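Below: the structure, in structure tokens.
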Amino acid sequence: MLRLLIIILSLVLLVALLTRLFSKKLPRQDEKHIAKMVQCDYCQTYVPHNSAVKHAARYYCCEEHKGASKSKPPV
Ligand SMILES: [Zn+2]
């Protein structure tokens, strides 16, 4: 009976430790992802850094706005 209690307690502790480890790791990855946002120079929309179009030290949300900013002034 005592063995069974020890096995159950150790399993509960193991599950509690694993859930803590996974719950701490996930928010850190989200914070890094959110931090890499850049603003479009033409329409002021925020887009992820890896999908933004970069031209002359300025960021754009798409190729259309990159071309539009050359001919028209930003709104
Ligand atoms: Zn834009």
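Could we say that S51 is away from the ligand (no atom under 11 Å from the Cβ), of a type in the set (S, T, N, Q) and modelled with pLDDT of 90 or more here?
Taking the combined requirement at face value, the residue satisfies it.
Quick check on this structure: which one of S23, S69 is surrounded by 10 or more Cβ atoms within 10 Å (Cβ to Cβ) and either at pLDDT below 90 or out of contact with any strand residue (DSSP E or B) (no Cβ under 7 Å at 6 or more places or on another chain) (or both)?
Only one candidate passes the filter, namely S69.
The values are calculated or read from the model by the stated rules, or taken from the named source; none is laboratory data. All figures in this text were calculated on a predicted structure; none of them were measured in a lab. Neighbour counts are summed over all protein chains in view; Cβ atoms, including those assigned to glycine, are modelled from backbone coordinates with ideal geometry.
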